[in-house]
Amino acid sequence: MGMYHSTYFAYGAHIPGLPDIDGLDTNLRAYNEQHDTDFGYLNAGDYDHDMTFLVTECTEVNLGEFKTVTPQTATPGQYAAWAEQFAAVAEALGIAGLPAPGWLVVPDLTDAVVAVADEEQRDLRQELTRSRAELDENTGVLAALRRQRDEAEAAVTRLRAEVERLEGKSARLRKLADRIALNSPWGRWVAQDIHDIVDQPTVSEDGAQSQQSPGPTQETAVATPDPTTQITQYRINCLPDDGIDSELFGITVEYRGKGRWAVVRRSSYLGADGTWSWGHDWPGEPTSDQYEAYEASRQRWLDTHRFDEETALRLAREAAPHVTVNGFTVADAIAMQQRRAGKQQ
């Protein structure tokens, strides 16, 4: 069984007991959004004896690495503000017995399989968040479609009223033509002209003419076009395709229509600035008077996360060597694969 070693240097406090991690994660997210803070939690310790810490600053140091930390740069005023913030968040989240915060050094020993599972669980949560955002987007689009449908129905009603008005006018013209034919020696020719004009073939609501029209001739028939072939996805990876870790380190370039492509890694999208995003973010469901602002915001996000094919492939190739999974780099994954191959031999 492979083990994953790391050490955390953080400013925070140990949460007594065994807190509900899912509930803590959800409540901290809500608290941070409401109070514009940056609290998080750290779950680390000796293999199957993990402890949970409430933290506001945290640095991870992997085995074989070192990092320089500078706690001395924090001012007395910052420490006092942190103390008040920790007391406030503990009260808000119902954390009893939280000790005074301080600088912590926490060694961590984790089963590598569990670490990957934790990463996948976080990915699933983020995927759920992205799905909810997409649902919100679709709700806004649906509201716009409903408005367009209502406008189209109103236009159809106006057209029907106009058709009825014209039909009434045609009937009056026919009666006038009949009176002219009876009261004038040349009236029958005038009446015939009026009937010819009024009785021109009309188009019904389903698009069919009211009088019989000839079918398509040989010259007007449309031939069936030849089928086309469209590439819709590329896979970019620095690891061999048959490697056990290949799927975790892979990036895809996916066609999203209108000549634009997205660079995707496990449900996140690469932006033009080289950072990854979980999708367009909008607080809650947009109201009808927010729809234009919402659409403008979504379009701005799409403009920075959709590219032409050549640019998308270039960005994906540039990003692939820098992919990490739970702290493991591409080089680490290749080295572990080589060690496994050596053991099998």
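A few notes on this one:
- Filter result (touching a Pro at 6+ places or on another chain (Cβ under 9 Å) and free of Cβ contacts under 8 Å to residues at least 60 places away in the same chain) within the stretch 24-58: Glu33, Tyr41, Thr52, Leu54, Val55, Thr56, Glu57
- Where a residue in the stretch 5-23 is assigned by TED's automatic domain parsing to the domain that holds Tyr79 and its partner, wherever it lies, is part of a helix (DSSP H, G or I), with Cβ under 6 Å and at least six apart: none
- Positions within the stretch 91-106 being farther than 12 Å from Ile15 by Cα, at pLDDT below 90 and surrounded by 13 or more Cβ atoms within 10 Å (Cβ to Cβ), in sequence order: Leu104, Val106
- Only listed residue being in a helix (DSSP H, G or I), surrounded by 11 or more Cβ atoms within 10 Å (Cβ to Cβ) and more than 31 Å from the chain's Cα centre (by Cα), chosen from Ala10, Ala44, Ala88: Ala88
- Number of the exception - Val61 against (1) part of a loop (DSSP other than H, G, I, E, B); (2) in contact (Cβ under 8 Å) with a residue 12 or more places away in the chain; (3) of a type in the set (A, V, I, L, M, F, W, C); (4) under 30 Å from Thr329 (Cα atoms): (1)
- When Tyr31 is tested against (1) in contact with a Lys or Arg (Cβ under 7 Å, 6 or more places away or on another chain); (2) within 21 Å of Asp20 (Cα to Cα), only condition (1) is not met.
- Residue list for the stretch 278-305, restricted to those being touching a helix residue (DSSP H, G or I) at 6+ places or on another chain (Cβ under 8 Å) and not hydrophobic (A, V, I, L, M, F, W, C): Gly279, His280, Asp281, Gly284, Glu285, Pro286, Ser288, Tyr291, Tyr294, Glu295, Arg298
- Filter pass, Phe66 being of a type in the set (Phe, Trp, Tyr) and within 18 Å of Gly17 (Cβ to Cβ): no
- Residue within the stretch 68-83 that is under 30 Å from Thr129 (Cα atoms) and in contact (Cβ under 8 Å) with a residue 40 or more places away in the chain present: yes
The values are calculated or read from the model by the stated rules, or taken from the named source; none is laboratory data. Note that the coordinates shown come from a computational prediction; the quantities given were computed from them, not determined experimentally. Counting neighbours? That spans all protein chains shown, and the Cβs are built from the backbone with ideal geometry, glycine included.
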